[in-house]
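Worksheet: the structure to be examined is printed underneath.
The values are calculated or read from the model by the stated rules, or taken from the named source; none is laboratory data. Only a predicted model underlies this, so the values are computations on that prediction, with no experimental measurement involved. Please note: Cβ atoms are built from the backbone with ideal geometry, for glycine as well, and neighbour counts cover all protein chains shown. We work out accessible area using only protein heavy atoms, side chains counted, and drop any ligands, DNA or RNA first. Shrake-Rupley method; radii C 1.70, N 1.55, O 1.52, S 1.80 Å.
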Amino acid sequence: METSTCGSRRGLHKPAVERRYGGAFLLYHVIVNNVNFYTGKTFETEHNQGKIPDRAWSKLRTISDELCRKHGLSIIENPQLSKGKSHWEWELDKQNLSWKEQLKRAIDEVIKVSEDFEDFLAKCADFGILVDYNPDHKIDLKFMLAEQKERKPRAKFTRAKTLGYFYESQQIKRRIESYKYQMSHRPTARIIRTTAEKFQQSQGLTNWADRENMKAASKALNEMTASNSTLEELESAALTAFSQRMAAKSEQSALRKKWDEIQELLPLVEEVIKYTDIHKRYKSLMGKEQTKFGKQCAYELSEYDRLFAKIREIIPEGKVPSPELLRKQLEKIQEQYNEQSAKYDTAKKEADRLAQQIQKKRQSQKTLDRYLQNEQAAKRKKGQLE
């Protein structure tokens, strides 16, 4: 038996169990009939809009998770900790370009250098973060990037809860303590901290650690200078590439909509043409002749009216285009769609390439920062011992 899991949104898990029988696949989904066979009543979610765990539809998640566990599939743990987001925001987050993503990244950096929560609030300004903290309010913590405020003076603060569970006040306090513990008990993987007692007692060990650290710092420096572009220039280029990608995708959506509209219209036009001459003949007659002709061709005239009404639902005004013209429009739309697809693919590749460079530069910068911090700390330690 092979298993697969369908996609999920906002924590609602939709499982599918896949079985193979002689090369064929069967997918089993959770299907709900919203009409009760006995009472005739329907399942209406708008009548049950309390807290999420108490809503009737939330029981579907429990059933889904049970089925997934039974078949060894993954489930979404603690779905309440995550918040749904738009496709635009999701795409921006992938490129680390959205205001929220930049804000979260900045908050993460402040957490790493804070001694406690009060120190965290005080140091936010140094990292370009505006903070609104009021422990007496239900919504006690809000953030905003100072740069965002400068560009858009009327911009509003973002609630910590909106950024995610780990950016709420209580969680920030826990993260500060957790990070301090990790830093004091576990050195980073790239830079060896030489302030420990064992390095002070062994010059050979210190020399080895210094060589390893210099190798890591040299490699990081090479990665930093591998591109002539600065981090800010790369981020700007990535944003441009992302904008081009989204513009191409938007154009594709518009072309696809036109394509679907013409595909729906074409068979109606081809069919209505069969009855157009009869309809013209009927309109040219008057009095008894028209009545007699109408009875003889009642079906054809009825079909013409039905088809023409459907056509007018698609194109309310103007002359009905010929099938030949519609086919030419389809060919043109296909060409335009292919052009936009090529633009989208090019922009996506460029955005992905830039994102990788940005990630490398950020990681290299962190390595150099850790190297310098370790060197300064080691010198201070040596001075204290001397």
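For the stretch 274-290, the criterion of being in a helix (DSSP H, G or I), within 36 Å of the chain's Cα centre (by Cα) and surrounded by 12 or more Cβ atoms within 10 Å (Cβ to Cβ) is met by none of the residues. In the set (1) out of contact with any Phe, Trp or Tyr (no Cβ under 9 Å at 6 or more places or on another chain); (2) open to solvent by less than 60 Å² (accessible area, probe 1.4 Å); (3) part of a helix (DSSP H, G or I); (4) farther than 30 Å from Leu326 by Cα, the condition left unmet by Ser229 is number (3). Could you tell me whether Leu145 is under 19 Å from the mean Cα position of the chain (by Cα), at pLDDT 85 or above, within 28 Å of Arg353 (Cα to Cα) and not basic (Lys, Arg)? Against the criterion (under 19 Å from the mean Cα position of the chain (by Cα), at pLDDT 85 or above, within 28 Å of Arg353 (Cα to Cα) and not basic (Lys, Arg)), Leu145 does not qualify.
Considering the stretch 303-321, and only residues there that are in a loop (DSSP other than H, G, I, E, B) and β-branched (Val, Ile, Thr), the residue that is nearest to Glu261 (Cα to Cα) turns out to be Ile315.
Kindly evaluate Ser178 against the criterion of being touching a strand residue (DSSP E or B) at 6+ places or on another chain (Cβ under 8 Å), modelled with pLDDT under 85 and among the hydroxyl-bearing types (Ser, Thr, Tyr).
No.
Would you confirm whether or not the stretch 130-141 contains a residue that is modelled with pLDDT of 90 or more, touching a Ser or Thr at 6+ places or on another chain (Cβ under 7 Å) and farther than 26 Å from Thr240 by Cα? Looking through the stretch 130-141, at least one residue is modelled with pLDDT of 90 or more, touching a Ser or Thr at 6+ places or on another chain (Cβ under 7 Å) and farther than 26 Å from Thr240 by Cα.
Filter the stretch 331-371 down to the residues that are among the β-branched types (Val, Ile, Thr) and touching a Leu at 6+ places or on another chain (Cβ under 7 Å), then identify the one that is nearest to Lys215 (Cα to Cα). Ranking the candidates gives Ile358 first.
Among the residues making up the stretch 311-339, those that are closer than 30 Å to Ala238 by Cα and either in contact with a Lys or Arg (Cβ under 8 Å, 6 or more places away or on another chain) or free of Cβ contacts under 8 Å to residues at least 24 places away in the same chain (or both) are Ile333, Glu335, Tyr337, Asn338, Glu339.
The condition of being open to solvent by less than 100 Å² (accessible area, probe 1.4 Å) and under 29 Å from Thr194 (Cα atoms) does not hold for Ala342.
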